[in-house]
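Visitor: If you scroll down you'll find the structure; I have some questions about it.
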């Protein structure tokens with residue numbers, strides 16, 4: 001993005017006129033991209049995390065479908081499986097929305113990350129009292145991923 005010297009708004013570097021005030025931008029210096037793509041580590045991390053949303057959603061859909069088909073035995077197909085399958089589909093849709101930088105997906109991801117952080121802190125309190133090391137590590141990982149996702153989403 002380049003900044004218009006007249007109105008101060010940011011416009012894409014391919015624009016020849018400011019979309020806000022109409023000033024000619026042909027003489028404005030633009031960054032020249034060489035061998036590097038100009039992609040920041042934060043942007044790369046954004047797409048990695050969005051890909052995880054898609055991956056976990058796909059995994060839930062596939063495992064839910066296989067369980068429903070009876071591949072894991074009849075006891076695997078429970079009533080709660082329908083809810084798990086629905087959550088996986090929603091997670092897959094949010095991940096796809098994040099990959100395309102859809103505003104609705106970013107907003108939903110932010111809310112879910114805040115909920116994950118709040119529940120993670122409550123989980124830490126409960127697990128700390130029982131001192132279950134495995135659950136403690138999993139909760140800390142979940143909190144870390146949610147915090148990382150919020151940090152990455154702060155630019156979008």
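Visitor: Please find, within the stretch 25-47, the residue that is farthest from the chain's Cα centre (by Cα) out of those that are modelled with pLDDT of 85 or more and surrounded by 11 or more Cβ atoms within 10 Å (Cβ to Cβ).
Guide: Here the residue is 25.
Visitor: Against the conditions (1) assigned to a helix (DSSP H, G or I); (2) over 11 Å from the mean Cα position of the chain (by Cα); (3) modelled with pLDDT under 95, where does residue 70 fall short? Just the number, please.
Guide: (1)
Visitor: Okay, next question. Only residues that are over 20 Å from the mean Cα position of the chain (by Cα), part of a helix (DSSP H, G or I) and loosely packed, with under 15 Cβ neighbours inside 10 Å: list them for the stretch 84-134, please.
Guide: Selection gives 121, 122, 125, 126, 128, 129, 130, 133, 134.
The values are calculated or read from the model by the stated rules, or taken from the named source; none is laboratory data. In this text the structure is predicted, and so the values were computed from the model without any measurement. So basically every Cβ, Gly included, is an ideal-geometry build from the backbone, and we count neighbours across all protein chains shown.
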